[in-house]
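Q: Sharing a structure with you now.
No lab work stands behind these numbers, since they all come straight from the coordinates. What you see is a predicted model, and the numbers here were worked out from it, not measured in a lab. Ideal geometry is used to build each Cβ from the backbone, glycine not excepted, and the neighbour counts take in all protein chains shown.
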Amino acid sequence: MIDLYTYRTSNGRKASIMLEECGLDYALHIVDITRGEQGEPAFRIINPNGRIPAIVDREGAGGPDSAPLVLFESGAILLYLAQKTGLFLPEDEKDRWRAIQWLMCQMGGVGPNFGQAFHFLHQHPEDVPDEAIEYGRSRYGAEVTRLCNVMNARLAEVAFLAGDDYSVADIATYPWVALHKWFDLDLAALPHLRRWYDEIKTRPAIRRGMDVPTRDQIEHHANDHKGEKS
């Protein structure tokens, strides 16, 4: 059994999609980042960096008799689960490194830039000067567009980011591309990225993983949390 500490974000959804795709049993622990729960001492023991997602594999990395493994950083979690299950990471060495390469592109490029663009579009404080907001929107919006064009060009040549097979690179990238409407991105202008997105979104595990935690679960968690503090 794996304990998943997460919230309803693109980074959090990477881990829940991977768990669903791998068919692994997991227990959900909601960390409501809108209420600052990522800073609570109990969670900081699991992830001293105070970010979601994080997992605890109760069986550990060496099998049933090994100590539990605590792991944070979504990319590390995906690679660990891929190795644990033998899924979504190619066996061929060259193909494996291509998958890792595109996973790192998501970790170092897509995630940070999409996240900053989302912040300047939808989450900035009201007292931030207009010129700062416009600069942020322009800078990170341009990076979102550039990265989408990079992926579109790649997907003109191959079915999935790493090549012929669906991999951790696609799992990591999909939850960010799924926000395209929030960035006013017209996927019709990116036909190969659109084809990739439309194909992946029909996967049952994608649909389940994107809905972790559900809105009802978040509401119940908030009510329980209020009760604990009262």
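Q: Regarding region 123-230, what's the average projected area of the Cα-atom convex hull, expressed in nm²?
A: Working: hull surface 39.2 nm².
Projected area, direction-averaged: 9.8 nm².
Q: For Tyr26, list long-range residues whose amide hydrogen, built 1.01 Å from N in the peptide plane, is under 5 Å from its own amide hydrogen.
A: Amide H to amide H, under 5 Å and 5 or more residues apart or across chains, Tyr26 pairs with Ile2.
Q: Could you work out [θ]222 nm for the chain from helices alone, using -39500 (n - 2.57) per DSSP H run of at least four and dividing by all its residues? Round to the nearest 500 deg cm²/dmol. Intermediate results must be reported in sequence, preceding the final value.
A: Numbers: 10 runs with 120 residues, N = 230.
-16000 deg cm²/dmol, from helical runs alone.
Q: Given the Cα-Cα distance of His220 and Arg146 and 0.36 nm per residue of separation, how much length would full extension add, in nm?
A: Working: separation 74, 0.36 × 74 = 26.64 nm, distance 3.99 nm.
Stretched out fully, the His220 to Arg146 stretch lengthens by 22.7 nm.
Q: For Val128, Val144, what ranking results if the residue with the fewest other Cβ atoms within 10 Å of its Cβ goes first?
A: On the way: Val128 11, Val144 25.
Final ranking by Cβ density, sparse to dense: Val128, Val144.
Q: Cβ neighbours within 10 Å, averaged per peptide: list 75-86, 187-198 in order, most packed at the top. Display every interim value, and only then the final one.
A: Details: 75-86: 18.2, 187-198: 16.4.
Ranking the peptides 75-86, 187-198 by packing returns 75-86, 187-198.
Q: Take each of the peptides 112-121, 15-24, average the number of other beta-carbon atoms within 10 Å over its residues, and list them starting from the highest.
A: Values: 112-121: 18.6, 15-24: 22.2.
Per-residue mean Cβ counts within 10 Å order the peptides as 15-24, 112-121.
Q: Can you put Val56, Val177, Val150 in order of Cβ neighbours within 10 angstrom, beginning with the fewest? Kindly include the intermediate steps, with their values, before the conclusion.
A: Numbers: Val56 18, Val177 26, Val150 14.
Going from sparsest to densest Cβ surroundings: Val150, Val56, Val177.
Q: Which loop-located GluC sites (Glu not before Pro) does region 90-188 contain, where loop means any DSSP state but H, G, I, E or B and the Cβ has at most 16 other Cβ atoms within 10 Å? Intermediate results must be reported in sequence, preceding the final value.
A: Numbers: sites: Glu91, Glu93, Glu126, Glu131, Glu134, Glu143, Glu157; in loops: Glu91, Glu126, Glu157.
Hits after loop and neighbour filter: Glu91, Glu126, Glu157.
Q: I'd like the distance between the alpha-carbon centres of region 94-122 and region 1-37, rounded to an integer number of Å.
A: 19
Q: For region 149-178 and region 183-227, what is the separation of their C-alpha centers, rounded to whole Å?
A: Each part's Cα centre sits 17 Å from the other's.
Q: If I take every Cα pair under 8 Å that is 6 or more residues apart in the chain, average their sequence separation and divide by the length, what percent do I get for the relative contact order? Write out the running numbers ahead of the final one.
A: Details: 306 pairs, mean separation 55.7, N = 230.
Worked out over the chain, it gives 24 percent.
Q: From the phi of every residue in region 10-23, what ³J(HN,Hα) in whole Hz does the Karplus formula 6.51 cos²θ - 1.76 cosθ + 1.60 yield, where θ is phi - 60° and glycine or proline is x?
A: Working through the residues one at a time gives 4, 5, x, 5, 4, 5, 5, 4, 4, 4, 5, 5, 7, x Hz.
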